[in-house]
1. Counting other Cβ atoms within 10 Å, keep those with at most 15, restrict to DSSP loop, and tell me which GluC sites (Glu not before Pro) in the range B:323-404 are left.
2. Using alpha carbons only, what's the Rg to Rh ratio of the range B:27-180 with Rh from Kirkwood?
3. Residues of the range A:52-69 losing 30 Å² or more of accessible area relative to the isolated chain, 1.4 Å probe, heavy atoms only?
4. Divide, for chain B, the radius of gyration over alpha carbons by 2.2 N^0.38 Å, where N is the residue count.
5. Name the residues of the range B:326-373, by number, that are at least 50 Å² less accessible with every protein chain in place than in the isolated chain; the surface is that of heavy atoms, probe 1.4 Å, without ligands or nucleic acids.
6. Kindly provide the helix-only [θ] at 222 nm of chain B, computed as the sum of -39,500 (n - 2.57) over DSSP H runs of four or more divided by all residues, to the nearest 500 deg cm²/dmol?
7. Provide the packing ranking of A:214-224, A:262-272, i.e. peptides ordered by the mean count of other C-beta atoms within 10 Å per residue, highest first.
8. Cα to Cα, under 18 Å, and not fewer than 8 places away if on the same chain: which lysines meet these conditions relative to B:Lys150?
Protein chains: 2
Amino acid sequence: MANFDLMRRLTTTEGGKIILLVMDGLGGLPMAQGGPTELESAETPNMDRLAKEGCVGLSIPVARGIAPGSGPAHLGMFGYDPLVYDIGRGVLEAIGIGLTVGDGDVAVRGNFCTVDGSGVITDRRAGRIPTEEGARRVELLRDIQIDGLKIDIRVGEDYRFAMVLHGDNLSDQIADTDPQQTGVPTLPARAESPEAERTAILVNQWLAAARERLRDHAPANMCTLRGFAKDPNLPKYSDVYKLRAGCVAVYPMYKGVARLVGMETVETHHDDSIAQEFVTVASVWDQYDFIFCHVKPTDSRGEDGDFDGKIKVIEAVDAALPTLIDLKPSVLIITGDHSTPAKLRAHSWHPVPTLLWAPETHMSDRVESFGERECINGGLGQFVAADLMAMALAHAGRLVKYGA
Amino acid sequence: MANFDLMRRLTTTEGGKIILLVMDGLGGLPMAQGGPTELESAETPNMDRLAKEGCVGLSIPVARGIAPGSGPAHLGMFGYDPLVYDIGRGVLEAIGIGLTVGDGDVAVRGNFCTVDGSGVITDRRAGRIPTEEGARRVELLRDIQIDGLKIDIRVGEDYRFAMVLHGDNLSDQIADTDPQQTGVPTLPARAESPEAERTAILVNQWLAAARERLRDHAPANMCTLRGFAKDPNLPKYSDVYKLRAGCVAVYPMYKGVARLVGMETVETHHDDSIAQEFVTVASVWDQYDFIFCHVKPTDSRGEDGDFDGKIKVIEAVDAALPTLIDLKPSVLIITGDHSTPAKLRAHSWHPVPTLLWAPETHMSDRVESFGERECINGGLGQFVAADLMAMALAHAGRLVKYGA
């Protein structure tokens, strides 16, 4: 039985409340042989108490050895095997910069590029123009009118942008217009199936208009489109888990993935502190059975190689934690979507420290604090992240017995 | 997504070098309640240091409770789920005694047997004649000429032999000629599919000639053939892992399995010591990204029930280990293909102590030495052997991130 069929069959609408607190890129490594990790170095009296009372373990985001991007890593934690459920690149990019991808919409990534007088690409990234320059070009493209299309467009980082195409009977079966090399012209949009032919025509009308408007704006005087994709129509939390689920996150990317699985996104501000995020969780506590709360800067400091900075973020989470504990959730899970060791300055494959605290139902282990090495000997063992939601639901009393 | 599809997608041609050192049958058991195992008894200062610095765990060769043969056990370690990828018995037997099975060849196992004057089997194993007697019979069969077949034949142990049939359009869809009982005649080769009919005719011509030549050589005066099989055409290391892979092994069986997954076999001598094998690894170090080095006598001493002998082999490996460490591999894995506890005198299902040392990327645990009980608390946890290659590649920096 597929995991979701089992969940649909066993979940109840009643039960305790769950908080899933995700410190992005939580897992770390020692900077020098034998030293402590970021989490082990941090002063975390609240998490240590929860770890001592509750149960810890190590979460494998996708599979052993696999370092995931943010999209698959979050899908995994949400219970969707990332090797089965695939979010198209256009959708990830679009939701990552805050666009909304609705049912039937087609999302696509764009790159500004440089072309010569005959349309041949001389630089696929337009000299890596800064984001302000990219934003200026996006404004030139914003009001292109194509019959049968409504278009949302937004700048990404540097020379990147994303678009969401709204319209009837659109298809995402369109090949990339980026030839992946210089010295050749940009490609037209080409339908990869008969149903996509009309969409390809509309996209080519847009590309012609874009070429006209960008012509005098070298180095970003043309653009390419890649990764046409629709909403993957993932099973929704309300359906598979019978949960009213809310998301408290600051970055668009994580709100976007949460929306794809059917969570409601709670309003936040881009510069909210961790403490403010937790206050936001408290403010909507009555409205949800499940709240996913996302903390970004652990990952950012990891990617910066800033070991001490990552420690400070973890300590800020710990200091603010009483706000969540005081809500008396039935289940509080503290984990990461993947590891981002400052030593490696990148997402990694290392299993992620995970803490499950459910005072009425957890089986406590002998672990005394929250850290990578303690988690090795924790009662949750090592598990694939996609199993986490079933554990959360069970500890919240939301799963009935399987079979008689 | 199947494991190999994922590996093909994520592997890079650049990255660190990997040594996979396999002590065959490494895992052991205490001889008496509460005592140490072979590995725990051995003085292994080098492995203990690597275990302390690196990360250890327990490898489950196929699945919990399953004691594997050498073929499936090695396939598992190489990343090929042995329950999915099956090497036919004829191929295993042939490569096990040093025959080469090429594309299109058919390999088959043979047993000498005793038949009475009317061809009825009276002993399926020819009185278990010793290997020298088997070898003498094989010489009688060696120059049988069959139009359309070229045949390599070689004696195995006791009454066993193997053959590889070379020719055009051969099929392995041939039923065994061994009726699995005495009191009935040997069976003719029978085609199990129409394409196999020609091959069956050729095999029956060979069997008729063999009967003629063996007639006066009782008790081994006839033979049966079993396990007709072709090269399983396994995905190759160069394809799925993008590795230039070499094998340093002394026994034909392990060279054979390595060749089936696309490793090159480095020349060795049958009586090479462990230290000599490691020197051979060093001598070809520049030519490969990945070297599988196989140590046989741990398994042999285990099968002999020779607890102390197995300890001595492990100590010899440890003493020679600096030769490998001095090569400064990015990743050094020390493991076994399965357990062969001297106490049981046989392959067993017990998870196998495994050490992963990758100084730039490993997450060290709290383990202080290399042994079964220490590995229970290691950071690698318990994992199926087929996941080992993904871990090795990740630690060598040879896997890119999955998804954005």
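The values are calculated or read from the model by the stated rules, or taken from the named source; none is laboratory data. Because the structure is predicted, anything quoted here is derived from the model rather than measured. Counting neighbours? That spans all protein chains shown, and the Cβs are built from the backbone with ideal geometry, glycine included. Just so you know, the surface numbers come from the protein's heavy atoms only, side chains and all, with ligands and any DNA or RNA stripped out. Shrake-Rupley method; radii C 1.70, N 1.55, O 1.52, S 1.80 Å.
1. B:Glu360, B:Glu368
2. When Rh is taken as the Kirkwood radius, the ratio is 1.11.
3. A:Arg64, A:Gly65, A:Ile66, A:Ala67, A:Gly69
4. Numbers: Rg = 22.8 Å, N = 404, 2.2 N^0.38 = 21.5 Å.
This ratio for chain B stands at 1.06.
5. Flagged in the range B:326-373: B:Thr361, B:Met363, B:Arg366.
6. Numbers: 15 runs with 128 residues, N = 404.
Rounded to the nearest 500, it is -8500 deg cm²/dmol.
7. By packing density, highest mean first, the sequence is A:214-224, A:262-272.
8. B:Lys230
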